[in-house]
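Rule-based calculations on the coordinates, nothing more; no lab input. These numbers come from a predicted model, not from an experiment. Because the Cβ atoms are built from the backbone with ideal geometry, glycine has one as well, and the counts that use them run over all protein chains shown.
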Amino acid sequence: MEDISFSFGLLMFILFIWTIPWKVYAVWIAVKHNHKKWFVALLLLNTVAILDIFYIFKIAKKSWNEVKEDFKGTWGSIKNK
């Protein structure tokens, strides 16, 4: 039983680490583009980042290179503090 609890906890941690950066980035873009309905949907719905990634690439029309640069820039500013 402990193995199942540990595995479930580890899976939840991995999903948390995967989801949070995508959600923050998608919500930030929605605010920047004044997409109020998308902002609310992205903030309230937890889809393990599927809706967030859809919004970023299809609705906000960000390229993979733009996303990588934004993530690198953010990570760099966090590391330098």
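Odds and ends about this structure:
- Fully extending the segment from residue 18 to residue 43 would add 7.4 nm, taking 0.36 nm per residue of separation and subtracting the current Cα-Cα distance.
- Rounded to the nearest 20 debye, dipole of the chain from Cβ charges on Lys, Arg, Asp, Glu: 540 debye
- Selection from 27, 45, 9, by position along the positive dipole direction of the chain (Cβ): 27
- Cα gyration tensor shape of the stretch 17-67, rounded if a/c is under 1.5, else prolate or oblate by comparing a/b with b/c: oblate
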